[in-house]
């Protein structure tokens, strides 16, 4: 028995623990990291639409704010100006190409979320 702990204290502490043997953030339980974000950044950079890493990340987060990652009219306007001031806004076609590239990278992730009922809006 630990230093001076009674049997009742030990039993009480054992019953308050979760029944799982693995810790909360165990990688074998959680699974490997999702690399969709990084893949989407590189996909946007390859489109040669004038994105840098930071603006590509902002664009992806705009898409990710929606459960199915589809930009609304308002978000499309914001997305067209994501590259900042002094740079011509993206055309509707360019925004669509960028969104399609992001969706392609996130297809597997979205399918898993749908299958497990883990909509992003429910997590946040």
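FYI, it's all coordinate maths here, none of it is from the lab. Note that the structure is a prediction, hence the values are computed from the model and not measured. For neighbour counting, all protein chains shown are included, and Cβ atoms are generated from backbone atoms with ideal geometry for every residue, glycine included.
A few points about this structure:
- The length gained by stretching the chain between residue 67 and residue 97 to full extension, at 0.36 nm per residue less their Cα-Cα distance, is 8.9 nm.
- With the largest listed first and rounded to whole Å, the semi-axes of the equivalent ellipsoid of the range 34-123 from the Cα gyration tensor are 23, 14, 10.
- The range 34-123, relative contact order in percent, only Cα pairs under 8 angstrom and at least six apart counted: 37 percent
- The calculated FRET efficiency for the pair residue 112 and residue 75, based on their C-beta separation and a Förster distance of 22 Å, comes to about 0.40.
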